[in-house]
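Take a look at the structure below.
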Amino acid sequence: MGPYDKFKIPISMLAPAIEADRLGFTDTRQVAPLDETIGQERAVEALEFGLRMESAGFNIYVSGPVGTGKGTLVRQMVRRLARDGPTPPDWCYVNNFQDQARPYCLSFPAGQGRGFKQTMAVLIQGLRRDIPKIFESAKYLEAKAKIEEDTEAKKKALFKELAEVGLAHEFAFEETPIGFNLVAMKAGRPMTDEALAELSDEGKEEILKRKKALESEILDFRVRLHALDHEAEQRIRDMDRQWIENILEGRFEMLRRTYQDLPDALSYLKQVYEDIVTTYKDFLPHERPILPIPGLMPSGRHPDLTRYQVNLIVEHKEGDGAPVVEETHPTYANLIGKIERKAQLGVMFTDFTEIKAGALILASGGYLILSAMDLLRQPFAWEALKRVVKTREVKIEDTAEFFGFSTIGLKPQPVPVNVKVIMVGPPIIYHLLQAYEEDFQKIFKVKADFDVEVNRDENQDRLFARFVARLCKEEGLPHFGADAVAELIRYGMRLAERHDRLSLRFSLLSDVIREAGFWTRREEHALVSRADVETAIAKKQHRSNLPEEWIQDEIKEGTLIVALEGEVVGQVNGLSVHLLGDYAFGRPCRITARTFVGTKGVIDIQREAEMSGHVHSKGVMTLAGYLAGKFAGMHPFALSATLTFEQTYSEIEGDSAAVAEMSAILSSLAEVPIRQSLAVTGSVNQLGEIQPIGGVNEKIEGFFESCKKRGLTGSQGVIIPARNTKHLVLRREVVEAVESGKFAVYAVNTVEEALELLTGMPAGERRPDGAYPDGTLYDRVGRRLEEMAQIVSSWGKNKEKEEGTSREI
């Protein structure tokens, strides 16, 4: 047993072993497909509450990372509840005969909206056929002729009466092309122009007086004549109305009985009745106009009767349950609805038949599922959604209204809605909306938070197997053997980066299942084996790891300088992680430190060059606190040190290199070399405790890859925080190398333990007198710092003497 074996992590802890025999099946054909949710109890509880809560404002924001099955679970739960929910009514838009710019909306029980639309279409079509027949019938023509004959008789009697009045005034009526002309009479005979010219002035004056007296009688005659025409027209109109009412009454009485429980529909039918009676001539044949006028006579022999149509904007089938609408493109128009326009002869026009319903109306009485990111990307969409949820009605209007432009068009009656909105998005959007949108908490009162991992146990292993069985069944994939399921569970633990957890990112797991099925079929195997799953994972990695190979090749050929053997003072191998989308890999980085006399403390070259993030800067400053606590005693703490990541040309972030940086500084102070065959990672606090870091698997594997390309020597290894042991799920290749003694993974809890591994020298513990034991690393560091303090002190005193002498001179 070597001196450092106490720090080695047991092989069983490097990667969890999944025994396929303990899963209880041979392959997934023997497993019931999954019909429940894995590990999202909190989210399921929140969804159940939010979906069943009927009070206003209890809409749901579904929060969680991509790939956790949020959308799938939401759709499943919503559809299950919707099946048992009441079916909402149908909605129609109809003409407002008092103001055509403000059409009405009518509600009908589910399934009856289309019936009403068809009934109205049949009614108007029948009237188009039957009304012309009325006015062409012999009975109607006889009645109309009788009225006209009576009127003509009255006109003749009236004219006879006027003629007698004229004779009494010695005038007769002469018919001309433009009407009647008065002719003076004498001795019962009309006077000629010559006779009139021969009259004296008194005679002419007397004729003019008689003519003026008769003109008032003529004016009264004309009034009475027009009254007779008006009376005849009124009698014809009354007769026409009676005939129209006779043909309408039976039809509308049937409609009234059909829709007697719908007051709005009855009110609309009453308006239709009155309009038909008033404008019945629109149903009569007309000549086609030379140029069709939009809205009046677009085609055919009849004027446009569009005003009687019914625009069915929402239709449901009775017994279908509540609607579920998933709007994948939530623009303002797709959410609220729109008013389309038609073009004819270069003129744009619209009417109530061009009103189209949006997702909020279609989902009324049910559920609307939206993506938060898609919604917030669309102009006006969030404001529109918020207004509808608050007012519980949808007002369809032109988008130009949002810009303050007044548009001449339709203003449809708002449609009342009652919709449960489920918005799916990342956690950051939820927190931003809470912070900056004051109404968000009022309208989205329920948060369903999806987790990314679940505690692993035998039950979860079985659920994973059932998940595989369901996907294989649904997509026709080859079934998995028990060893393949065990490997998939291992991959799930790798994604979770925990021995005792399984990842719930089913999107990634499903992709591996599908790809493993692909390689199985290509090899013409009946079942997916562990090797197929490993192939799928390896192929997936190979498609993404080109940058990693470039870096490893540069390390191998020496372009990137990384020492993997020997010992060097003030130099240590740190580990970093590069994240490229869904692929992360680790690589070793050479960290160097130089110490010298001064009082500037630890100088981070990355920070001075503005190439470090805030967390990295904090980690470096923490080192100064640890050093001062360990070595500042009876003498001043005089130290200047520089730290840098060699050959890095981008920003450094994170504090996982703190242990490596501390080791480099202490090595430089003590002039004790560090083993270059080891790499170290870990964060450190001011007390010297090593704290866990992220990406531990990638960091170990990255250093292993560098060592493998140069050749494994058996002395190489990685030092990690002991608190990261539970996160280890290393590749089999690494585990096998450790098992064969070609590589090692060490775990430490304190800086002192890491230094002992790196330098081969104990760090030492401070004695009661404040000194460290002779021959320890910290003893050498302490002596060096004391020397530096004395040099600084002596230099300061000499400088004061020189300044004093200068003042005396």
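The values are calculated or read from the model by the stated rules, or taken from the named source; none is laboratory data. All figures in this text were calculated on a predicted structure; none of them were measured in a lab. Here the Cβ is made from the backbone with ideal geometry for all residues, glycine too, and neighbour counts use every protein chain on show. Remember, those area values only see protein heavy atoms, side chains included, never the ligands or the DNA or RNA. Shrake-Rupley method; radii C 1.70, N 1.55, O 1.52, S 1.80 Å.
Tabulated data for the structure shown
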| quantity | calculated |
| --- | --- |
| Answer residue from segment 490-515, given it is part of a loop (DSSP other than H, G, I, E, B) and under 29 Å from the mean Cα position of the chain (by Cα) and is surrounded by the fewest Cβ atoms within 10 Å (Cβ to Cβ) among those | Arg505 |
| Selection from segment 711-727 of residues that are open to solvent by 10 Å² or more (accessible area, probe 1.4 Å) and touching a residue at least 40 places away in the same chain (Cβ under 8 Å) | Thr713, Ser715, Thr725, Lys726, His727 |
| Among the candidates Val577, Val572, Val562, residue that is buried (at least 16 other Cβ atoms within 10 Å of the Cβ), among the β-branched types (Val, Ile, Thr) and part of a loop (DSSP other than H, G, I, E, B) | Val562 |
| Contacts under 7 angstrom Cβ, first residue in segment 253-277 being free of Cβ contacts under 8 Å to residues at least 12 places away in the same chain and part of a helix (DSSP H, G or I), partner surrounded by 12 or more Cβ atoms within 10 Å (Cβ to Cβ) and of a type in the set (Phe, Trp, Tyr), 6 or more apart | Leu266/Tyr259 |
| Any hit, segment 82-98, residues being within 23 Å of the chain's Cα centre (by Cα), at pLDDT 90 or above and of a type in the set (Lys, Arg) | no |
| So Lys386, is it out of contact with any strand residue (DSSP E or B) (no Cβ under 8 Å at 6 or more places or on another chain), open to solvent by 50 Å² or more (accessible area, probe 1.4 Å) and either farther than 22 Å from Ala43 by Cβ or not hydroxyl-bearing (Ser, Thr, Tyr) (or both) | no |
| Residue that is farthest from the chain's Cα centre (by Cα) [pool: residues in segment 442-476 that are assigned to a loop (DSSP other than H, G, I, E, B), without any contact (Cβ under 8 Å) to a residue 60 or more places away in the chain and surrounded by fewer than 21 Cβ atoms within 10 Å (Cβ to Cβ)] | Asp457 |
| Residue match in segment 313-326 (condition: in a helix (DSSP H, G or I) and either in contact with a Ser or Thr (Cβ under 9 Å, 6 or more places away or on another chain) or free of Cβ contacts under 8 Å to residues at least 12 places away in the same chain (or both)) | no |
| Subset of segment 768-789 that is surrounded by fewer than 12 Cβ atoms within 10 Å (Cβ to Cβ) and small (Gly, Ala, Ser) - its residue that is modelled with the lowest pLDDT | Gly770 |
| Residue match in segment 290-305 (condition: at pLDDT 85 or above, β-branched (Val, Ile, Thr) and either more than 27 Å from the chain's Cα centre (by Cα) or buried (at least 20 other Cβ atoms within 10 Å of the Cβ) (or both)) | no |
| First in segment 655-668 and part of a helix (DSSP H, G or I), second anywhere and among the aromatic types (Phe, Trp, Tyr), Cβ under 7 Å, 6 or more apart | Met662/Tyr626 |
| Residue among Phe645, Phe637, Phe631, Phe585 that alone is touching a residue at least 40 places away in the same chain (Cβ under 8 Å), among the aromatic types (Phe, Trp, Tyr) and open to solvent by 40 Å² or more (accessible area, probe 1.4 Å) | Phe637 |
| Those residues of segment 741-762 which are more than 22 Å from Gly586 (Cα to Cα), out of contact with any Gly (no Cβ under 9 Å at 6 or more places or on another chain) and either of a type in the set (Ser, Thr, Tyr) or open to solvent by less than 30 Å² (accessible area, probe 1.4 Å) (or both), in sequence order | Leu755, Thr759 |
| Filtered residue count, segment 322-352, keeping only those that are over 30 Å from Trp382 (Cβ atoms) and either touching a strand residue (DSSP E or B) at 6+ places or on another chain (Cβ under 7 Å) or among the acidic types (Asp, Glu) (or both) | 3 |
| Yes/no for Val792 being of a type in the set (Val, Ile, Thr) and surrounded by 21 or more Cβ atoms within 10 Å (Cβ to Cβ) | no |
| Residues satisfying the stated conditions in segment 564-618, i.e. in contact with a Ser or Thr (Cβ under 6 Å, 6 or more places away or on another chain) and small (Gly, Ala, Ser) | Gly570, Ala593, Gly598 |
| Qualifying residue in segment 81-93 (condition: touching a helix residue (DSSP H, G or I) at 6+ places or on another chain (Cβ under 8 Å) and surrounded by fewer than 17 Cβ atoms within 10 Å (Cβ to Cβ)) | no |
| Scan of segment 26-46 for residues that are at pLDDT below 90, part of a loop (DSSP other than H, G, I, E, B) and not polar (S, T, N, Q), ordered by number | Leu34, Asp35, Glu36, Ile38, Gly39 |
| Filter result for Ala384 (at pLDDT below 90, of a type outside the set (S, T, N, Q) and in a helix (DSSP H, G or I)) | no |
| Which listed residue is open to solvent by 40 Å² or more (accessible area, probe 1.4 Å), over 29 Å from Asp451 (Cα atoms) and touching a strand residue (DSSP E or B) at 6+ places or on another chain (Cβ under 8 Å), from Glu523, Glu557, Glu548, Glu567 | Glu567 |
| Residue match in segment 580-593 (condition: in contact with a strand residue (DSSP E or B) (Cβ under 7 Å, 6 or more places away or on another chain), of a type in the set (Ser, Thr, Tyr) and either closer than 29 Å to Leu471 by Cα or at pLDDT 90 or above (or both)) | yes |
| Near pairs, Cβ below 9 angstrom, 6+ apart or cross-chain, from segment 145-166 (at pLDDT below 75 and aromatic (Phe, Trp, Tyr)) to any residue that is assigned to a helix (DSSP H, G or I) and open to solvent by less than 90 Å² (accessible area, probe 1.4 Å) | Phe159/Phe221; Phe159/Leu225 |
| Whichever residue in segment 683-710 is out of contact with any Lys or Arg (no Cβ under 9 Å at 6 or more places or on another chain) and of a type in the set (Gly, Ala, Ser) and, among such residues, is surrounded by the fewest Cβ atoms within 10 Å (Cβ to Cβ) | Gly694 |
| Index of the failed condition, Thr328 passing every other in (1) under 25 Å from Ile276 (Cα atoms); (2) surrounded by fewer than 18 Cβ atoms within 10 Å (Cβ to Cβ) | (1) |
| Filter result for Val620 (under 19 Å from Phe637 (Cβ atoms) and either in contact with a Cys (Cβ under 7 Å, 6 or more places away or on another chain) or in a helix (DSSP H, G or I) (or both)) | yes |
| Any chance Asp439 is farther than 30 Å from Thr353 by Cβ, charged (D, E, K, R) and under 24 Å from the mean Cα position of the chain (by Cα) | yes |
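One line per residue, one yes/no per condition, for (1) in contact with a strand residue (DSSP E or B) (Cβ under 7 Å, 6 or more places away or on another chain); (2) more than 24 Å from Tyr778 (Cβ to Cβ):
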residue	(1), (2)
Phe596	yes, no
Ile603	yes, no
Arg607	no, yes
Met611	yes, yes
His614	no, yes
Gly619	yes, no
Leu639	yes, no
